[in-house]
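Single-structure report; data block below.
The values are calculated or read from the model by the stated rules, or taken from the named source; none is laboratory data. Note that the coordinates shown come from a computational prediction; the quantities given were computed from them, not determined experimentally. Neighbour counts are summed over all protein chains in view; Cβ atoms, including those assigned to glycine, are modelled from backbone coordinates with ideal geometry.
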Amino acid sequence: MRLAERERLKAVAANYAATLVESGMVVGLGSGTTAELAIRALAERMRQGLLFQGVPTSLRSARLARRLGIPLLDPGAVTTIDMVIDGADEVEPQTLALIKGHGGALVREKLVASLARRRVIVIDPTKLVDQLGTRSPVPVEVVPFAWQYPARALTALGGQPQLRRKRDGTPFRSDNGNYILDVHFGPIADPAGLATAMKVITGVVDHGLFLNLADLVIVGEPEGVRTLQK
C-alpha cells in the first residue's frame, strides 16, 4: 500500500474516532502519527463547540494539543479517563491484542490506557496481523544503568534485542529518560506468557505488549471504516 493511501486511511479512522467523543469527557490523547490525526480532529470538533479535557500520553502529544488549544489535565491528578484514542504498531483482530511503542511512549500510553473506561485504537489495514510479532519488534523500556543485563535476559527468552538509537548514533531516550530495546521475537505464540516473563526482568520498566487494553479498533479502509470489538 502506498504511503499516501495509508495516510488517507489513517485519517479516515482518526476522524471517525473523534466523533465518538462527547462533551464533558476526559480523553486520553495517544502518541504517534495516527493519534496525532485524531488530536487534530478533536481540535476541529472543539472549535465547533465540543467541550472536553485531554490527558496526553507523551510530551509531543501535549505540545500538539496545547498548540491547538485543547485544555489538558495533569495525568497524575486524574483518577478516571472516559476514553483514550491511540494508535498501534500491530493488532490481532481476533483478540485485539496490540504491539505499541514504536514512538517510544509505551509506558505513558499503557498508564493512560489502564485508567480509561474505553480504549479506542485507530489504524490502517497494514497494522492487522494474524499473530503479534509478525512484522514488528516488541519495544521494551529499560533503565539506562546496566541495560545490557535486561538485554541478555530478553535474549534468553528467545528475543533479539537492539538498542534504539537516534540518527546521530546516541541512544534514544523515552520521555521518562530511559532506553528502548526493540526486541524481535518473530510470531509470538503466547503473548500473555511473554508479557509476564518480560515484566519481571530487573531493569525492565515495561513492554509494548498491550493485552486486554483495547475495546474498539477502528480500521480505515478504502470504502470507509471497519470496527473490531471483542
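Annotations for the structure displayed:
- The residues of region 122-145 that are among the charged types (D, E, K, R) and surrounded by fewer than 16 Cβ atoms within 10 Å (Cβ to Cβ), listed by number, are ASP130, ARG135.
- Taking the listed residues VAL142, VAL120, VAL107, the one that is assigned by TED's automatic domain parsing to the domain that holds LEU9, of a type in the set (Val, Ile, Thr) and closer than 16 Å to ASN178 by Cα is VAL107, with no other qualifying.
- Within region 20-33, residues that are under 18 Å from GLN48 (Cβ atoms) and of a type outside the set (A, V, I, L, M) have Cβ atoms under 9 Å from residues that are at pLDDT 95 or above and part of a loop (DSSP other than H, G, I, E, B) in these pairs: GLU22/LEU50; SER23/GLY49; SER23/LEU50; SER23/LEU51; GLY24/LEU51, counting only partners at least 6 apart in sequence or on another chain.
- Considering residues of region 207-228 that are in a loop (DSSP other than H, G, I, E, B) and among the hydrophobic types (A, V, I, L, M, F, W, C) only, the residue surrounded by the most Cβ atoms within 10 Å (Cβ to Cβ): ALA214
- Residues considered: PRO161, PRO139, PRO191. Of these, the only one that is in contact with a strand residue (DSSP E or B) (Cβ under 9 Å, 6 or more places away or on another chain) and over 29 Å from ARG118 (Cβ atoms) is PRO161.
- Residues satisfying the stated conditions in region 99-148, i.e. more than 21 Å from GLN229 (Cβ to Cβ), outside any loop (DSSP other than H, G, I, E, B) and not β-branched (Val, Ile, Thr): LEU106, ARG108, LEU111, PRO139, GLU141, GLN148
- Matching residues, region 174-203, being assigned to a loop (DSSP other than H, G, I, E, B), of a type outside the set (A, V, I, L, M, F, W, C) and touching a residue at least 24 places away in the same chain (Cβ under 8 Å): SER174, ASP175, ASN176, GLY177, ASN178, GLY186, PRO187, THR202, GLY203
- Test for GLN148: is it surrounded by fewer than 23 Cβ atoms within 10 Å (Cβ to Cβ), more than 20 Å from ALA65 (Cβ to Cβ), in the same structural domain as ALA62 (by TED's automatic domain parsing) and without any contact (Cβ under 8 Å) to a residue 40 or more places away in the chain: no
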